[in-house]
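Shown next, in structure tokens, is the structure this report addresses.
What follows is calculated from the coordinates using simple rules that are stated; it is not laboratory data. Computed from a prediction, not measured in an experiment: that's the story for all the values here. Backbone-built Cβ (ideal geometry, glycine too); neighbour counts: all protein chains shown.
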């Protein structure tokens, strides 16, 4: 019987050199949050960098979206029987697939105003994980760096997820309770 891999924070492998995302949350409430994709050992293959900054998010936007991300990720981690996480000051490690999903949420929220942020969270939560992974791939291909805020798919994410009315919890679409287990949490055979 194979042993289940240890994880830290939000499903990140507790293995040195793993591909994951880092969410840097400064203790100062006025500083921005930085989300970095860390390629781990594989990062130097094909001449690509060891890590790449993906988004710098203002504290107000982070405060508005962090609970939605935590809730979504912890629900999936519980389903996979993996230890859940919470956001804390300092470095937060996030599984590589969940990190991609977090970037999609952050990119949609980075230029949204206070009234649009709840809409962004609800629309992001309504997407399936596979849809978020695809959106990440499309966005990062042309606009995946912090300075790319108003370009291509990055701009499209903002428009697609921020458009609409403030969410009405009574009208919120029910998601199916049974979810597909993400392949990264399945035990190796």
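Normalised by the number of residues in the stretch 8-173, the average gap of Cα pairs under 8 Å and 6 or more apart makes the relative contact order 25 percent. The share of C-alpha pairs in the stretch 8-173 whose separation exceeds 28 Å stands at 17 percent.
If you find the alpha carbon centre of the stretch 115-131 and of the stretch 71-96, how far apart are they in angstrom? Cα centres, the stretch 115-131 to the stretch 71-96: 18 Å. Put in order of Cβ neighbour count within 10 Å, fewest first, the listed residues 37, 142, 52 become 142, 52, 37.
Would you mind ranking 154, 128, 59, 96 by Cβ crowding within 10 Å, fewest neighbours first?
128, 59, 96, 154
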